[in-house]
Amino acid sequence: MTPRILAACPERTGHQTRMTRLFVNPKFERTFAALGWNSFERVFAYSLPDYERLTKMTVKRAQIPAPGGAIDVFFKVYHHQRSGWAFWFRPSKARCEFDNYGVFERLGIPSAERIAWGEERSFLGLLRRAFILTREVPQAMELDKFSKTNPPRAQRRRLIRELADLARRLHEAGFYHSDFVWRNVLVSLEQPDRPRLFLIDCPRGFFARTGRERQRLRDLASLDKAAVKLSSRPERLRFLLAYLGKSKLDDEARALARACLDYRRERWPEDWRGK
């Protein structure tokens, strides 16, 4: 379902005029109506009533009442009192992340379910505050933390294949995460015997028309940066083979492995260990 604008209005505070906007997933419009959340300010006040003490970015776990029962959610809130010029005539990170979750939905990529986003700008268009509201992925933990729990080998292999499949599907569509690190991949343990992967935290993802090979290497090298510490060498190779849809190491797989290592050495020389 296409998100609809629920509120967009100019407001005057003292001698200043500001513009606020609120976009809501139609699936949750009844919930917002029942709560009286018909403006950016009302949603923001519920998420963080003490916003004046915010850091630049704050993430808060919460519950919101709904007709069918309470919903576990995450509010990610941005405060731009000094750096609003960086988003002048540019979409906020909150909006970008909301839109990118929509991309994941269209591609069939499991991700946090998007609920709403909103922002406040000055009369000149300077971004002041923004938020994105998403449903919590049930019983989930970051992939890096999960890997430290020593899951069974069969489970690790299945997740390696699943992660490779997610990466391949994104890249085949011409989309690149740009922050494809293990902490931005969640493992849901809602079914303990069959954990599932979900992608989160993607405000910088985009469709690339040019430089696709470089962007692909960036995503794969970002994943490998953590894999060096948390996976074995055979597991890292198994991931690349699954990504390429191959069962055996060949020249293409070797070339991709070398390219990923070269990218890591160039991009993160301080973490390079020759692995």
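The values are calculated or read from the model by the stated rules, or taken from the named source; none is laboratory data. Computed from a predicted model, the values in this text were never measured in an experiment. In this analysis, Cβ positions are derived from the backbone assuming ideal geometry, glycine residues included, and neighbour counts consider all displayed protein chains. We work out accessible area using only protein heavy atoms, side chains counted, and drop any ligands, DNA or RNA first. Shrake-Rupley method; radii C 1.70, N 1.55, O 1.52, S 1.80 Å.
Note on ARG157 and TRP268: the model spin-label points, each 7 Å out from Cα along the C-beta direction, lie 2.7 nm apart. Full extension of the segment from ASN150 to ARG183, taken as 0.36 nm per residue of separation minus the current Cα-Cα distance, would add 10.2 nm.
When the Cα positions of TYR176, PRO152, LEU197 are compared along the charge dipole of the range 135-203, PRO152 comes out farthest toward the positive end, with charges on each C-beta of Lys, Arg, Asp and Glu. Annotation: extensible slack from GLU190 through ARG61 equals 44.6 nm (criterion: 0.36 nm per residue apart, minus Cα-Cα distance). Accessible surface area normalised per residue over the range 99-167 is 42 Å², counting heavy atoms of protein chains with a 1.4 Å rolling probe. Summed over qualifying helices (DSSP H, 4 residues or more, each -39500 (n - 2.57)) and divided by its residue number, the chain shows a 222 nm mean residue ellipticity of -12000 deg cm²/dmol. Inter-label distance, SER232 to GLN139: 2.8 nm, where each label sits 7 Å from its Cα along the C-beta direction. For the range 69-196, the fraction of alpha-carbon pairs lying more than 20 Å apart is 54 percent, rounded to a whole number.
A straight Cα-to-Cα reach below 21 Å connects LYS148 with the lysines LYS225, LYS229, LYS275, residues fewer than 8 places away in its own chain not being considered. With the simple model of a label 7 Å out from the Cα in the direction of the Cβ, ARG90 to GLU172 spans 3.3 nm.
Mean separation of Cα pairs under 8 Å and 6 or more residues apart, divided by the residue count, gives the chain a relative contact order of 15 percent.
P(r) tail, the range 127-170: Cα-Cα pairs separated by more than 11 Å, 76% of all pairs.
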